[in-house]
Amino acid sequence: MKRIRLALRTFGGFLRTPTLSRSIIALLALAILLLLAVNAATFVMIQRTSAYNDTVDHSQQVRLASKDVLSLLADAETGQRGFMLTARAEYLGVHRRAVAQLPAVLARLDGLIGDDKELKPRIARVQTLYRQRMALMDHTIDLTRTGRIGEAVSQIRSGHGKALMDAMRIELTAIDAVEARRLAERTRQSERASAVTVSVNALAALLILILAGISVWLVRRYVDEIESARMELDRLNAGLENQVRDRTAELTRANEEIQRFAYIVSHDLRAPLVNIMGYTSELEQVGKIFDHQLTTLAERHPEDIEPEAIRAVREDVPEAVGFIRASTAKMDRLINAILKLSREGRRALAPEVLPMTAVVQSIADSLHHQVVENGGEIVVRDLPTLESDRLSIEQIFGNLLDNAVKYQQPDRPIRIVVDGELTDDGRVHYRITDNGRGVSARDHERIFELFRRAGKQDQPGEGLGLAFVRNSVRRLGGVMELESALGQGSTFHLKFPTRLIVSGDAGDRL
């Protein structure tokens, strides 16, 4: 057993190897931090690239609008000159269409430039020159319509219109050049941001691959150590079953000895207890005789009677006898409880298929009168069947239901619900839920100890009921748990194997 414990400690040590565990955790944390950093950097680069792309698009729209202004001005001038040379209406139509579109295009260009300090003065000059050029065009067209061609031609030959057009062309070309410069710069910035994003992702991918390789190596080493420890444990545990069987047999014999000892001790205690109870009755009779003699003597010779003697006979002696009786009665109940535990531990279990709904309902019916007296109820729902010892099951559920009724909350009718189901691990789970006094969290284990009770002690008992119940549940291969809060009721959880298997004479569960 010492070698097995050593192997278990060794195996547990491998499972809790601090260096490997910390290394793997550190690598995983580093990988997560690296991914977060890459994600943050990629997000920033994407935002920057998007901003660069927006400015590139804006520059292209400004350049396109400035070119549209130049094109429409050229169309307006062409229509004007064609009309002056030929006096044909179609040239005037070309002029008018261009003039009609120019305000919208100029407004779009002005809106795109906005508050740009470098370009705002230039667009202002373009708009001023445009209004002057439009006025000059309108004047020459009016002169042509009225037949004063010579005056119109002299206006054109003066070169003022050409100067206005050249000035607008210079300003618009300057706007286009500024945006072209910005476009080139922003394109380079966008390309750099894209290159940085690609580089960061490539570096991160390389680092993650390195970390993954190191992690795989560490995990492989970890697994090899665990496998080595497992093989060593298997080797040392080759004879474990025989050792466990021998130790179990020893424990069984020791348990039987303890039960026999408890039976013998409690049985032998009963003889002196009976003597004490008998002598107590005799003392009580003697006290009555003395009391009668004192009464007679007090009637005949009251001066010979001491008050202390009267008080001793009529008060002290009956009080002492009462204490002795109460103590012997409690001792008798405790001896009976110990005998009950001892007999139950030595009783052979007899498994049988139990219709649990009917079994529990029968117990509930026996408590019906106590429950309905205060307007309460016991609800037994459909319960899964169980193959176990009938007497033990009846004692378990009987004790729990009786306790629930006994410790009900005085200000509300008792309500007890018994339900259950089959669990996924192939066991049967029963619940006994009540709305009684409940148990404080600090007393959840205490109430299962021998001779220990919790809460207000206003009900008779020696503190053996729940200890007996838990012992019976364990003997049937089950577990018992309590879920409770003071003043809010309790739920006892009982979990049993669906089939109880016992061995031979010992009556112990296999």
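The values are calculated or read from the model by the stated rules, or taken from the named source; none is laboratory data. A quick note: this is a predicted structure, and the numbers were derived from the prediction, not measured. Positions of Cβ are backbone-derived with ideal geometry, glycine not excepted, and every protein chain shown enters the neighbour counts. These accessible areas exclude ligands, DNA and RNA; they are computed on the full protein's heavy atoms, side chains included. Shrake-Rupley method; radii C 1.70, N 1.55, O 1.52, S 1.80 Å.
Figure legend. Inter-residue proximity from segment 389-406: first residues assigned by TED's automatic domain parsing to the domain that holds residue 355 and closer than 17 Å to residue 476 by Cβ, second residues part of a helix (DSSP H, G or I) and of a type in the set (S, T, N, Q), beta-carbon distance below 9 Å, spacing 6+ or different chains. Indicated pairs: 389/472; 392/472; 393/472; 394/362; 395/472; 396/472; 398/366; 399/472.
Residue 508 meets the conditions (1) modelled with pLDDT of 90 or more; (2) surrounded by 17 or more Cβ atoms within 10 Å (Cβ to Cβ) in every case but one. The failed one is (1). The helices (runs of 4 or more DSSP H) found entirely in segment 351-456 that carry 3 or more residues being open to solvent by 80 Å² or more (accessible area, probe 1.4 Å) and not hydroxyl-bearing (Ser, Thr, Tyr) are 368-372.
Of the residues making up segment 138-155, those that are open to solvent by less than 60 Å² (accessible area, probe 1.4 Å) and on the phi < 0 side of the Ramachandran plot are 140, 141, 143, 144, 150, 152, 153. When restricted to residues that are surrounded by fewer than 16 Cβ atoms within 10 Å (Cβ to Cβ) and within 25 Å of residue 30 (Cα to Cα), segment 165-204 contains 6. Applying the criterion of being surrounded by fewer than 16 Cβ atoms within 10 Å (Cβ to Cβ) and among the polar types (S, T, N, Q) to the residues of segment 54-68, the residue that is modelled with the lowest pLDDT is 60.
Cβ-Cβ contacts under 7 Å between residues 6 or more apart (or on different chains), taken from a first residue in segment 131-149 that is assigned by TED's automatic domain parsing to the domain that holds residue 80 to a second residue that is among the acidic types (Asp, Glu), are listed as 143/151.
Of the set (1) surrounded by fewer than 13 Cβ atoms within 10 Å (Cβ to Cβ); (2) within 60 Å of the chain's Cα centre (by Cα), all apply to residue 135 but (2). Of the candidates 184, 167, 229, the single residue that is free of Cβ contacts under 8 Å to residues at least 40 places away in the same chain and either in a helix (DSSP H, G or I) or in the same structural domain as residue 54 (by TED's automatic domain parsing) (or both) is 184.
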